[in-house]
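J.: Mind having a look at this structure? Questions to follow.
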Amino acid sequence: MKILLTGSTGFLGRFVLELFASKGIEIQGVARNISFQDSNKQFQTQLDLANFDKVDHYFRDFQPDVVIHNAAMSKPDFCAQFPREAWQQNVEVTRYLVEKTSPSAHFIYISSDFVLGDQGPHNEQADYNPLNYYGVTKQAAELYVNERVGLSTIVRPVFIYGPQLPGSRGSFIQWVATQLNSGNSIKVVNDQWRTPTFAPDIAQALFEIVAKKVSGLFHIAGSDLITPYQMAVEVANYLQLNAGLIHAVDELTFPEPVKRAKRGGLKNDKAIEELNFVPTALRDALTLCF
Ligand SMILES: NC(=O)c1ccc[n+]([C@@H]2O[C@H](COP(=O)([O-])OP(=O)(O)OC[C@H]3O[C@@H](n4cnc5c(N)ncnc54)[C@H](OP(=O)(O)O)[C@@H]3O)[C@@H](O)[C@H]2O)c1
């Protein structure tokens, strides 16, 4: 079995690449910039997915049996600022990858909770209601995946966090730890509810989906429904840092460039039932992150 993983150098991509490679599965990661220092460099190829001629050649050459499409313009603020690029990267690239993937292959798309609106946590039956342009692009990409003939799976994670792998950017929890370690006070929103997802849990769920050829839509999320402020306090307490430096703010006192759900988050019951998904609790996950 040959697996193509897009966005293999990103925060989530690294965990996915590492897990599949550690199981001896033939996996090739692609991204625009592959670092010479990357420990998994032998599994990665430089490819700009927006260059369709190159993607075409790549598919003819590699002929993947499974495509895990994880690459994206993943920052909602950037998508709002550069909508044309966001549409190209998130929608047109997905459309082209769907087109290039053989009908006999399995296409897996990493989507987002941002395709849904407020009144979460949501199950897989919730209606689309993206609140910002990033969510609009992820919804449009999902629709192309749903139209595909052949085995297809959509995975929606939420507010991904995890250990900082060598050469990778950190997630929210590393930012909190760095600020508190430097004695900086921080403002963190306390009126937006999420179900943060531990990155290694997503990699494990993808492994199950590939191994068992599971199709459909899955919310791959943690079970803790918390605000970023509460999460920051958990980090401070675990690392015995000064939680007094963390100031709870709400959307009105801390306006963000794009709209986000107040009561977001995803329900993971379907994944627990059908994929034997075991979400790691935040407190346990923190012991694996620092
Ligand atoms: N982070 C979250 O909290 C979160 C929550 C829900 C869903 N998601 C979804 O989960 C997925 C992974 O998110 P992430 O935060 O791990 O992303 P990330 O850290 O921003 O990484 C994005 C990856 O995509 C690659 N990429 C982007 N454009 C590309 C292109 N044109 N050609 C080739 N590679 C390209 C990047 O590498 P180069 O820049 O070198 O090309 C990088 O490897 C995304 O689909 C995102 O929408 C994320």
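J.: Based on this model, can you work out whether V158 counts as more than 21 Å from G10 (Cα to Cα), buried (at least 16 other Cβ atoms within 10 Å of the Cβ) and in contact with a Ser or Thr (Cβ under 8 Å, 6 or more places away or on another chain)?
T.: Numbers: more than 21 Å from G10 (Cα to Cα): no; buried (at least 16 other Cβ atoms within 10 Å of the Cβ): yes; in contact with a Ser or Thr (Cβ under 8 Å, 6 or more places away or on another chain): yes.
No; evaluated as a whole, the condition is false for this residue.
J.: Moving on. Output yes when any residue across region 42-55 is touching a residue at least 60 places away in the same chain (Cβ under 8 Å) and either closer than 15 Å to I110 by Cα or surrounded by 15 or more Cβ atoms within 10 Å (Cβ to Cβ) (or both), and no when none is.
T.: Our first condition is that a residue be touching a residue at least 60 places away in the same chain (Cβ under 8 Å); within region 42-55, this holds for none.
So far as region 42-55 goes, no, none of its residues is touching a residue at least 60 places away in the same chain (Cβ under 8 Å) and either closer than 15 Å to I110 by Cα or surrounded by 15 or more Cβ atoms within 10 Å (Cβ to Cβ) (or both).
J.: Scan region 78-95 and tell me whether some residue there is in contact with a Leu (Cβ under 7 Å, 6 or more places away or on another chain) and surrounded by 21 or more Cβ atoms within 10 Å (Cβ to Cβ). Walk me through how you get there before you give the answer.
T.: Quick first cut of region 78-95, residues in contact with a Leu (Cβ under 7 Å, 6 or more places away or on another chain) only: 93.
From the residues that got through so far, the ones that are surrounded by 21 or more Cβ atoms within 10 Å (Cβ to Cβ) too are 93.
Yes, some residue in region 78-95 is in contact with a Leu (Cβ under 7 Å, 6 or more places away or on another chain) and surrounded by 21 or more Cβ atoms within 10 Å (Cβ to Cβ).
J.: Can we say V258 is in a loop (DSSP other than H, G, I, E, B), touching a residue at least 40 places away in the same chain (Cβ under 8 Å) and either within 21 Å of the chain's Cα centre (by Cα) or closer than 27 Å to V136 by Cα (or both)?
T.: When the stated conditions are applied, V258 passes them.
J.: Of the residues that make up region 22-43, is at least one assigned to a strand (DSSP E or B), closer than 20 Å to I220 by Cβ and more than 10 Å from the ligand (Cβ to nearest atom)?
T.: yes
J.: Moving on. Give the residue, chosen from I173, I154, that is within 26 Å of V233 (Cα to Cα), within 18 Å of the chain's Cα centre (by Cα) and within 15 Å of the ligand (Cβ to nearest atom).
T.: Working: I154 fails: within 26 Å of V233 (Cα to Cα).
From the options I173, I154, the qualifying one is I173.
J.: Against the conditions (1) part of a loop (DSSP other than H, G, I, E, B); (2) away from the ligand (no atom under 14 Å from the Cβ); (3) touching a residue at least 60 places away in the same chain (Cβ under 8 Å), where does A71 fall short? Just the number, please.
T.: Of everything listed in (1) part of a loop (DSSP other than H, G, I, E, B); (2) away from the ligand (no atom under 14 Å from the Cβ); (3) touching a residue at least 60 places away in the same chain (Cβ under 8 Å), A71 misses just condition (2).
J.: Do we have T101 as within 11 Å of the ligand (Cβ to nearest atom) and either in contact with a Phe, Trp or Tyr (Cβ under 7 Å, 6 or more places away or on another chain) or modelled with pLDDT under 95 (or both) here?
T.: Details: within 11 Å of the ligand (Cβ to nearest atom): no; either in contact with a Phe, Trp or Tyr (Cβ under 7 Å, 6 or more places away or on another chain) or modelled with pLDDT under 95 (or both): yes.
Here the answer is no, as T101 does not meet what is asked.
J.: Follow-up. Between a first residue in region 133-150 that is touching a residue at least 24 places away in the same chain (Cβ under 8 Å) and a second residue that is part of a loop (DSSP other than H, G, I, E, B) and within 13 Å of the ligand (Cβ to nearest atom), which pairs have beta carbons less than 6 Å apart while being 6 or more apart in sequence or on different chains?
T.: Going by the 6 Å Cβ cut-off, the qualifying pairs are K138/S111; K138/S112; Q139/P130; E142/S111.
The values are calculated or read from the model by the stated rules, or taken from the named source; none is laboratory data. It should be emphasised that the depicted structure is a prediction, and the values quoted were computed from it without experimental measurement. Cβ atoms come from the backbone with ideal geometry, glycine included; neighbour counts cover every protein chain shown.
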